[in-house]
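The structure under discussion appears below in the form of structure tokens.
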Amino acid sequence: MKTNRMKKFTPYFYILPTFIILAVVIVIPIIYVIIQSFYTTFANESVFVGLRNYKMAFEDELLLTALKNNLKLFLCVPILTVLSLAIASILYNKIRGWRFYRSVIFIPYILAIPVVGIVFSYLLQYNGVINSILRTIALDWLGDPNLAFPSVAIVIMWKQIGFGVVLFLARMMSIDKTLYESADVDGATWFQKFMHITVPQTKSIIEFYVIITLIEMLSWVFNFIYVMTAGGPGNKTLVLEYLIYKKAFGGGDFNIAMAISVVLLAIAAILIVIHQIVMRKEE
């Protein structure tokens, strides 16, 4: 009996170190941030203020600006999804040099974000390479309030698209080829095969990719903003992550920064729950 009980609990002993590390590095800090979001520091002492930090955060126009910008980044998700699917479908047909193209498309995804941000900052600045080529219609891509945010969004999509292409291509490789062969016999065009075979067969992966990318657009773009625009010009590229940074380390209120962090965590948690619900329905 004792031997059976030991065998039953043995797997838990193996994963216990991982759980301890996760608790120390992730769970405990999250709990601390949530608790401290209800306090403020006065004379080096923590004073409970209830929802005061949340009230002040939502009364700040910068929070609404940052939230709107994050929502604008959500518009990149359908574009990324469609482009990734289309490119993956083209590569799936094994055009000449398709392995090389797959590698080229995926390389940006594995590059460090600060490196990408710095490189594109030099390319897109007023006296940068792109404007030197255009010359007659030189634009201040990162300094113009109307161009800064779209410019950053394009850079983010350029880096992120490789993940989607490889993800969808891997799924397409496992689709029964007889489906495409039957469609060829019936005289189906590439677009018809794409809409009636590729998309339905990759539906679960599309749903996974959309949710994951939404979460990334919400809580993964800090490095781009920090390196390329620092939230400017005129807060036109401010996002929630960078606002938290400014509030915490830029002369703001650390506890208000924690309150905004909790708001960001809540939105991300909602997206994760939606993802779990979708995956369960698929099962």
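The values are calculated or read from the model by the stated rules, or taken from the named source; none is laboratory data. Because the structure is a prediction, the values reported are computed rather than measured. Virtual Cβ from ideal backbone geometry, glycine too; neighbours counted across all protein chains shown. Only protein heavy atoms, including side chains, enter the accessible area calculation; ligands, DNA and RNA are left aside. Shrake-Rupley method; radii C 1.70, N 1.55, O 1.52, S 1.80 Å.
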Discussion item. Heavy atoms of the protein only, probe of 1.4 Å, neighbouring chains included. What is the accessible area of residue 158 in Å², nearest 10?
Written reply: 110
Worksheet item: Carbon-plus-sulfur fraction of the accessible area of the chain, 1.4 Å probe, in percent?
Response: 68
Worksheet item: Add -39500 (n - 2.57) for each DSSP H run of 4 or more in the chain, then divide by its residues: what number comes out at 222 nm, to the nearest 500 deg cm²/dmol?
Response: -23000 deg cm²/dmol
Practice prompt. Assign unit charges at the C-beta atoms only (+1 for Lys and Arg, -1 for Asp and Glu), then state the dipole size of the chain relative to its Cα centre in Debye, rounded to the nearest 20.
Written response: 860
Practice prompt. Could you do me a favour and compute the accessible area per residue for the stretch 222-283, 1.4 Å probe, result in Å²?
Written response: 49
Discussion item. Only Cα pairs within less than 10 Å get springs; with that Gaussian network setup on the chain, which residue of 233, 108, 11 has the largest fluctuation?
Written reply: 11
Worksheet entry | Kyte-Doolittle mean at least -0.5 and Cα axial length at least 30 Å: DSSP H helices in the chain | 148-173, 254-282
Fill in: Cα-based shape type of the stretch 1-158, given that a ≥ b ≥ c are square roots of the gyration tensor eigenvalues and the cut on a/c is 1.5
oblate
Worksheet entry | Accessible surface, the stretch 1-107, averaged per residue in Å² (probe 1.4 Å) | 75
Worksheet item: Any idea which of 139, 161, 100 is furthest toward the positive side of the dipole for the stretch 93-170, if Lys and Arg beta-carbons carry +1 and Asp and Glu beta-carbons -1?
Response: 100
Worksheet item: Picking from 43, 180, 269, whose Cα lies most toward the positive end of the charge dipole for the chain (charges on Cβ: Lys, Arg +1; Asp, Glu -1)?
Response: 180
Response to the item:
For residue 216 the rounded accessible area (nearest 10 Å², probe 1.4 Å, non-protein molecules ignored) is 30
Worksheet item: Charges only on Cβ, +1 for Lys and Arg, -1 for Asp and Glu: so what's the dipole of the stretch 18-105 about the Cα centre, in debye to the nearest 20?
Response: 800
Discussion item. Let's see if you can work this out: charge +1 on each Lys and Arg Cβ, -1 on each Asp and Glu Cβ, no other charges. What is the dipole magnitude of the stretch 166-255 about its Cα centre, in debye to the nearest 20?
Written reply: 320
Worksheet item: Given the C-alpha centroids of the stretch 114-178 and the stretch 212-250, what is the distance between them in whole angstrom?
Response: 17
Worksheet item: Hey, if we sort 54, 32 by accessible area with the 1.4 Å probe, largest down, what's the order?
Response: 32, 54
Item to complete: Work through the residues other than residue 105 whose Cβ is under 14 Å from its Cβ and net out their charges, Lys, Arg +1 and Asp, Glu -1.
Response: +3
